[in-house]
Ligand code: SF4
Ligand code: SF4
């Protein structure tokens, strides 16, 4: 019998400053291409880059982080941040500001998105300290977090899970796949993301989005105040 | 006395008339007579309990002595139980027997039930050796006929035969015991036997005890001779089962109490210990089988074994206390036992009738094939729930009060001096606690598997409606379950006088003290401390005795234990109401959305994807596999094209534990022990749970010793 | 049967034995279909290891390839048969059970019938979702064909016993878990039979890759199993490189091994973390995931991506890693691995942890062989094969790993193998970092038609890929045969005969990906 609790207490703290600050450790995020001067838009495999006059604009929902526009002759400008989720859905009512339960649903992801979600309880991110809990039963879930492009076989389970959740509820699409189908969809086997069948309140692009990007989106859905870009060191 | 004779006349006359009328009407006629007879018996029992003790000497038979009838309070208590069971059972059988009409003569079953009722009444009121044995034999024979009614069915004759053989073996022992007593007294009259008891030597006393206890133990379904119960019950018609478990087994208890507490009060503590431990083993084995059984009626039969074990534990405790000069404790234990007997009879006949109702509406009693009946038969589900809660000892039913009293009276053993006796109590107490826990699981399972979830067969999907008369019979008994939960104080006070006739005085008063009487022996400030709890409520307008059940100890420790079942029930009802109100207030503005049960995203929840009764009981089977599942199941895998499994067929033979242990072959024991030790470390979590339990028991025992 | 000549003789092949056969060569053996079962029978008794089955549609007819790898020093064998339109294929599963799921998959996706296979249909394409007559991998499949009416849902019970029932787990279950389903045949408490129902995540990668340029197809292969992206993409890149004669610079070869070992280390750490989590030990779980995060950040910092996406390219690597960075990365990864080993040491001294693993989820060597198990799962059951050693690729010919193994085949044995392999990867990383040859990391590729086989030892086991390119350099057929395919096939055997509460632990100890299986 080991005294694991003691062992845990003796371990050095390694927690991110988020959401107090936006300070990032190296490797925490892959970063993302941002709008900027003309670059080689045609290297993009998913059409996420579009030349608009002298500028190249990024449709981040479609970016699969292939890094092609990062290397090569005319690279895009990359920003190493995490706060890139977006969405029109209203946050949950005030009562949810301090704690929510999240049902994670795999609708055909490649494993990386889920792996990043697995990291959320890790000591570096510790999502429980923010009052966010991952639950098995949709009956007690406030937020449905969907990864993957929604395969044919997962379409009905996805709808059933959403229906099984009590209101008020929000849907967060995590990853390029859930946002736009990513590299997989739409096709005969996959839909082009969650929005094809459910109202999506918040989208977290990225392939996969790093844990903090997901955390940021969840806090936004909870209606919590977030660090602004100026807070970044 | 007049009421009792009227009862006899109604039974016998009704039985004859039933045989004479057209078969179509037989069941209804028998029901009429049966219910009237039951009511007459109720009056007779109430009168006797109220003080009308009577003795009616009949004919003098050459060589066999005088036949005597008579009822004292002990008889009356058993008669009361009989009457309370008989009325609803006859009400139920009017329609129930109809579905036999195509194959059998229903008049047969109906009249047998009436004659059986008469013979039960006589058995409980004969006051001489010969009359008792004679009526007992008639009762046994009628019992056999009642069980064997469906004789065209394959399993029936064999089950009936086993029952008859067991019963006759028991009767032989009883005969010897009674003859020993009669020989010593030189008279066949019970009164004379009781008068001469003081001069009986220890050897004869032991012989009488052993012969009578194990002899009557057969009928009572006590360890180790209870194997006939689970065989006989499933094959008998539902009303016969209800009588069998609700009344007939009680006769065994009656015999034990009559001989060992009345005619020849047991003076050996060791004898009481035997009764206590026999009861404990019976209880635990019974409930273990009930926890894993999947046939509705057989499950109930195992539960009968359990409850008879509990009653025997109470009796055993009473015998020990009495032998060790603690008459008040003895009275308390016996009161608890007799109260439990009543509770069990009501609940068990209710459940056997429910089993019959399930059978008539769905055509099956296999719990694995039932499920979801609550949606189609809410009435049946409600009444069955009352019975299940009673046997699981849950408030607001009466089962709670009697089982609680039983446990409390066992705990009084702390006052006893001999360590070995206390050790026996520790073992018995632990087994009883385990029994109570398992009973909860067994009856949760019974109710859940029959009434909740999804119907697991087409039959369970479309049950036919339940006839009104059956519903009323069930409702009567269910109401009885609730009433018994509200009234235990009155019953305990009444039982005080019943056990008083056995020379055990003070029990009723000790359990239901004159709490608010002006001359109460309790300290005044102590009494007033109960006022804050509202314990005095009702003392001004309710008939005495009060609503609090407590044991008044000595002055140093004025209250040893206390409970107020009636208040508890009230609090329960109020609590539930309050909860409903709170939920209502907080959610009244919300819209109720109904979604199908969450099934993990399956396309459709199918019955074969939900728990079965076997599955529900399996943890118990695994943990207690030493008792209930000794034989490794036979598993056969069917494969096609070399590697592909097409099916796994699993069959198992599961001989009843006692057939194996007691009646089975005795050789090969050494090998089993060796194997058992080797198998101790099998790496299964469940096994270790069982070890932990065993270790706990051992530690408890040892710590008590030290 | 030790020599190639003997084996070929037993196969009754007329193919001349080439004079010099080096590891890494692929020897194609065309056969008449009727001789296939015999050949499978012979190979099942040899040291050959089936990698999978490749089905290609050529106009109306079909070509089937059965690639087998042989031990070090011997080449790959590839049985090739042709099937006329409307013809059936003799099933080899009765003789070589490892082929079972491959045959079922081909039946579902191509509509080819395997005679003698007892269970066909309702595999990749679930009956309750897909119409009966949709064969997506056929050339004439129109996407709208998938919209026909499906059949009603009919779960099948395998256990026939009084009171037997199915306990469904999934497809939506647990906390953060992949979509898949286990139907547990049980009498309660103990699992008698486990039906692993996968392909809830079937994304049609092989179909979608057709017509793509090689670089885009590699993006798809990376996302077959995102947590082992590099290894699988490397197998595909090698297949493509063989198909169109690419030259891969030596620096790229060494770096490929380097990244692959980093990925193995991280993937094994995640498996170990999952195992801790399944036993509900909170502190070790946190500590293990902390290690995983550290490794992810190392990848993110040096490769720009936490899961090494976008790194591989046909002909080498998309971008370089300079020598100093490689050495620093190797040193840091080794430090993390050491912390992981410390944790493991503590875990292996915790009785309550060991009790839940030892003698639970047992797969014996016979089963491992019959099912052709690969990777750590196979090696923990005494079925030892490691493509880095048997058929070296990238820089493994020079830098051969020590292959971890165990014999018990239980959860604990698998944990030990994962731990040993993680330690071995940490040992290789600095070696590879100091041996980096100078030069570029990107070679040139011709644009021409061709076909090739590529393989790697992915963290979960042997991953094999077949690629055919058309004259424009576009993918004509991409067949992915990942290790999950072999190991999921046998997973149910480990779960059977054990209690429900052991199920998640056994599942975690396999470290399998459903995404990889479903593709
Ligand atoms: S990184 Fe994103 S934006 Fe850039 S080329 Fe790849 S997919 Fe397009
Ligand atoms: S978005 Fe990218 S990482 Fe996430 S599931 Fe899709 S392919 Fe995988």
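How about the range A:48-71: which of its residues are over 23 Å from residue A:83 (Cβ atoms) and more than 8 Å from ligand 1 (Cβ to nearest atom)?
Once the filter is applied, which keeps residues that are over 23 Å from residue A:83 (Cβ atoms) and more than 8 Å from ligand 1 (Cβ to nearest atom), the range A:48-71 yields A:51, A:52, A:53, A:54, A:71.
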Return the pairs, sorted by first residue and then second, in which the second residue is more than 10 Å from ligand 1 (Cβ to nearest atom), the first residue lies in the range A:50-67 and is within 14 Å of another protein chain (Cβ to nearest Cβ), the beta carbons are less than 6 Å apart, and the residues are 6+ apart or on different chains. A:62/A:180
Of everything in the range B:603-623, what is surrounded by 14 or more Cβ atoms within 10 Å (Cβ to Cβ), out of contact with any helix residue (DSSP H, G or I) (no Cβ under 7 Å at 6 or more places or on another chain) and part of a loop (DSSP other than H, G, I, E, B)? Give them in sequence order. B:605, B:606, B:610, B:611
Being under 16 Å from residue C:267 (Cβ atoms), out of contact with any helix residue (DSSP H, G or I) (no Cβ under 9 Å at 6 or more places or on another chain) and away from ligand 1 (no atom under 16 Å from the Cβ) is the filter here, so list the residues in the range C:297-352 that pass it. C:297
I'm checking my understanding of the structure. Among residues of the range A:136-150 that are within 14 Å of chain B (Cβ to nearest Cβ) and either free of Cβ contacts under 8 Å to residues at least 12 places away in the same chain or under 19 Å from the mean Cα position of the chain (by Cα) (or both), which one is farthest from ligand 1 (Cβ to nearest atom)? A:141
Would you tally the residues in the range C:315-328 being more than 27 Å from the chain's Cα centre (by Cα) and either closer than 21 Å to residue C:454 by Cα or crowded, with 21+ Cβ neighbours inside 10 Å (or both)? 1
So, of the residues in the range A:11-40 that are part of a loop (DSSP other than H, G, I, E, B) and within 16 Å of ligand 1 (Cβ to nearest atom), which turns out to be nearest to the other protein chains (Cβ to nearest Cβ)? A:30
Which helices (runs of 4 or more DSSP H) does the range B:283-384 wholly contain that include 3 or more residues that are closer than 26 Å to residue B:626 by Cβ? B:296-323
In the range B:357-372, how many are surrounded by fewer than 24 Cβ atoms within 10 Å (Cβ to Cβ) and on the phi < 0 side of the Ramachandran plot? 8
Quick check: anything in the range A:2-16 within 20 Å of the chain's Cα centre (by Cα) and away from ligand 2 (no atom under 16 Å from the Cβ)? yes
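Which residues, taken from the range A:93-106, are within 14 Å of residue C:174 (Cα to Cα) and either within 16 Å of ligand 1 (Cβ to nearest atom) or touching a residue at least 60 places away in the same chain (Cβ under 8 Å) (or both)?
Matches in the range A:93-106: A:102, A:103.
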So which residues in the range C:257-314 are within 19 Å of the chain's Cα centre (by Cα), in a helix (DSSP H, G or I) and at the interface with chain A (Cβ under 7 Å from one of its Cβ atoms)? C:270
Sole miss for residue B:626 among (1) under 38 Å from the mean Cα position of the chain (by Cα); (2) assigned to a loop (DSSP other than H, G, I, E, B); (3) at pLDDT below 80 is condition (2)
Complete set of residues in the range A:164-182 that are within 7 Å of ligand 2 (Cβ to nearest atom), modelled with pLDDT of 90 or more and at the interface with another protein chain (Cβ under 9 Å from one of its Cβ atoms): A:177
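Every residue, every condition in (1) closer than 30 Å to residue C:280 by Cβ; (2) free of Cβ contacts under 8 Å to residues at least 24 places away in the same chain, yes or no:
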| residue | (1), (2) |
| --- | --- |
| C:304 | no, yes |
| C:309 | no, no |
| C:321 | no, no |
| C:363 | yes, no |
| C:392 | no, no |
| C:396 | no, no |
| C:407 | yes, no |
Could you list, in sequence order, the residues of the range B:10-39 that are within 29 Å of the chain's Cα centre (by Cα) and farther than 24 Å from residue B:468 by Cα? B:10, B:11, B:12, B:15
Enumeration of residues in the range A:42-76 that are more than 16 Å from ligand 2 (Cβ to nearest atom), part of a loop (DSSP other than H, G, I, E, B) and surrounded by fewer than 15 Cβ atoms within 10 Å (Cβ to Cβ): A:53, A:54, A:71, A:72, A:73, A:74
Being within 16 Å of ligand 2 (Cβ to nearest atom), closer than 29 Å to residue C:153 by Cα and touching a helix residue (DSSP H, G or I) at 6+ places or on another chain (Cβ under 9 Å): is that true of residue A:148 here? yes
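The values are calculated or read from the model by the stated rules, or taken from the named source; none is laboratory data. Nothing here was measured: the structure is a model prediction, and the numbers come from that model. Methodologically, a virtual Cβ is constructed for each residue, glycine included, from the backbone with ideal geometry; neighbour enumeration extends over all protein chains shown.
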